Amino acid sequence: MKLDSSIAAVVTGSASGLGAATARALAAKGVKVAIFDLQEEKGKAIAEEIGGIFCEVNVMDDASVDAGLAKARAAHGQERILVNCAGTANAIKTISRDRETGAVKHFPMDAFTFIVNLNLIGTFRCIAKSAAGMVTADPIDELGQRGVIINTASVAAEDGQIGQAAYSASKGGVVGMTLPIARDLMNEGIRVNTILPGIFETPLMKSLPEKAQESLAASVPFPKRLGRPEEYANLALAMIENDYWNGEDVRLDGAIRMAPR
């Protein structure tokens, strides 16, 4: 897909981190970008910086996503690109024992459900609703291409650590649905790919103590540093621009394989 001012994009979770870097990279190519996020102040600042539009969107809510897409389409036209970066994590063991009493408690079901609803179902909700709009638009090239969808999973989908049952399940679901969705949409001219980032410089990572960040960086085989959001954005753009890239899940992790803890 050729990226220029004729193309509109929606990037979820783009008020910060990987999503913000992707929004900036798309805008640098001339693409009209809609920022979907719940962080209004940060989201509006990014939108103003790149000449885009901010839409306050909760990807776990049908009406919120519908309203966001309607606002974005009214401003920019039908999006041809969707990049799903909205998501979060928690760290809770399946069962744990109280050190003093020995009492056993299990992973709270509401905490598990929240992560799956946000990371997996929220991603699918945005895919389904965006694709439903894309298929109504005319193809943009001789291939019959109508759009591209990029999802964000995690290396935890393949080597989740202690306490990551919910997070790994949600991200593994994103990986697992990539190929079936690509096949669902193959006759509509819509490609679907997923990126599995390793340890990246995100707001969450930067909130850790400096020594913890250095230790994590040292655990990466090469290069021995944290991933940069711009590197995620570069891969997302490569997937969008390469018309033969479809139905793939790609790790972006400096060859790291996560240890149990």
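The values are calculated or read from the model by the stated rules, or taken from the named source; none is laboratory data. Computed from a predicted model, the values in this text were never measured in an experiment. Positions of Cβ are backbone-derived with ideal geometry, glycine not excepted, and every protein chain shown enters the neighbour counts.
Odds and ends about this structure:
- Leading residue by the ranking (surrounded by the fewest Cβ atoms within 10 Å (Cβ to Cβ)) among those in the stretch 95-138 that are at pLDDT below 95 and of a type in the set (S, T, N, Q): 101
- The condition (being within 24 Å of residue 4 (Cα to Cα), of a type in the set (A, V, I, L, M) and surrounded by fewer than 18 Cβ atoms within 10 Å (Cβ to Cβ)) is satisfied by just one residue among 238, 217, 259, 212: 238.
- Condition check for residue 71: within 24 Å of residue 195 (Cβ to Cβ), charged (D, E, K, R), assigned to a helix (DSSP H, G or I) and at pLDDT 95 or above: no
- Within the stretch 10-33, residues that are assigned to a helix (DSSP H, G or I) reach partners that are polar (S, T, N, Q) and crowded, with 24+ Cβ neighbours inside 10 Å with beta carbons closer than 6 Å, at six or more positions or on different chains, in the pairs 20/14; 23/14.
- Qualifying residues in the stretch 147-200 (those that are in contact with a Pro (Cβ under 8 Å, 6 or more places away or on another chain) and surrounded by fewer than 18 Cβ atoms within 10 Å (Cβ to Cβ)) - the one nearest to residue 126 (Cα to Cα): 161
- Any hit, the stretch 234-245, residues being in contact with an Asp or Glu (Cβ under 7 Å, 6 or more places away or on another chain), assigned to a loop (DSSP other than H, G, I, E, B), within 22 Å of residue 178 (Cβ to Cβ) and not hydroxyl-bearing (Ser, Thr, Tyr): no
- Unmet criterion (only one of (1) modelled with pLDDT under 95; (2) assigned to a helix (DSSP H, G or I)) for residue 261: (2)
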